[in-house]
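To start, the structure itself, in structure tokens.
Bear in mind that the values in this text are calculations on the coordinates, not laboratory data. Source: prediction; values computed, not measured.
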């Protein structure tokens, strides 16, 4: 799951070196995505369409493996 998110997001952003995905275990796998501040808009998209599309793809991939997953975009000040 983590690799899928990294692959998709690195293709979208200007600074792919600053993309990081941290996996937090539990009954539902939580993926925390961090990108450069200037790339936040590219990942979110208009009205959140891009991040929601990434979440949809992730949920489909997780369902095929019988898992549950959540994606959270982490913002640092």
Item to check | Antiparallel bridge percentage (DSSP; both residues within the chain; nearest 5) | outcome: 45
Checklist outcome for this item: Summing -39500 (n - 2.57) over every DSSP H run of at least 4 in the chain, dividing by its residue total and rounding to the nearest 500, the 222 nm mean residue ellipticity is -12500 deg cm²/dmol
Item to check | Full-stretch length increase - residue 4, residue 74 - with 0.36 nm per residue and alpha-carbon distance subtracted | outcome: 23.5 nm
Checklist outcome for this item: Taking the chain, the whole-percent share of alpha-carbon pairs separated by over 17 angstrom is 40
Item to check | In degrees, nearest ten, helix 2-12 long axis to first principal axis of the chain (Cα) | outcome: 30
